[in-house]
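The structure is given below, and queries will be raised subsequently.
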Amino acid sequence: MPRISVHSDVIEEVHEMPFSAISRPFIPELDEKKVRSLMKILSDPQKAETVPPLDVLWVIGSEGGNYYFCFGGCHRYTALKRLGAEFVRVKLVQVTREVLKNYLGGSTPDFK
Ligand SMILES: Nc1ncnc2c1ncn2[C@@H]1O[C@H](COP(=O)(O)OP(=O)(O)OP(=O)(O)O)[C@@H](O)[C@H]1O
């Protein structure tokens, strides 16, 4: 399997995007205590920004469509979901369909 180098360390720009636009194909294994702790922090406007933004992989389709996937940040993602967040802070990492294939294999959509 090729080595995948997809990380946001060098990306400084943080965006706010609709949570509903982010696909998460895999069910995470969770430490419930950590999720609850993150929910507490994220629901406190004074402290929420101490939690780093989610890394979101962004694919632009052949006809210009935008597709967003989140594979990591399981606990932050789940905490935000349970809080009913409408908008979330993310770092966008633009990747190709080939990179997504490393995660999704044969079920990688034909992005348009
Ligand atoms: N109360 C808290 N509990 C856990 N993490 C916290 C808390 N407050 C702030 N953070 C920060 O939130 C981030 C959580 O990232 P972490 O990698 O531990 O979990 P995750 O990315 O949400 O899930 P996973 O790594 O399991 O996919 C860390 O940068 C941590 O410093």
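Here, each number is a calculation from the coordinates, and none is a lab measurement. Please read these numbers as outputs of a predicted model, since none were measured by experiment. Because the Cβ atoms are built from the backbone with ideal geometry, glycine has one as well, and the counts that use them run over all protein chains shown.
Once the piece of chain linking residue 40 and residue 96 is laid out straight, how much longer is it, given 0.36 nm per residue of separation minus the C-alpha distance between them? Each step should come with its number before you reach the end.
Numbers: separation 56, 0.36 × 56 = 20.16 nm, distance 3.55 nm.
Going from the current span to full extension adds 16.6 nm.
Separate question: Less than 16 Å apart at the alpha-carbon level, and either on another chain or at least 8 residues along: which lysines does that give for residue 40?
The reachable lysines, counting only those whose Cα sits under 16 Å from residue 40, are 81.
OK, next. Using packing as a proxy for protection, rank 12-25, 53-66 so that the peptide with the highest average count of other Cβ atoms within 10 Å comes first. Show your work: numbers first, answer last.
Numbers: 12-25: 13.4, 53-66: 15.9.
For the peptides 12-25, 53-66, the packing ranking is 53-66, 12-25.
Separate question: Summing Lys, Arg as +1 and Asp, Glu as -1, what charge do residues with Cβ under 11 Å from the Cβ of residue 77 carry, residue 77 excluded?
Cβ neighbours under 11 Å give a net charge of +3.
If packing is taken as the average number of other Cβ atoms within 10 Å across a peptide's residues, how do 35-45, 97-107 rank, most packed first?
Descending packing order for the listed peptides: 35-45, 97-107.
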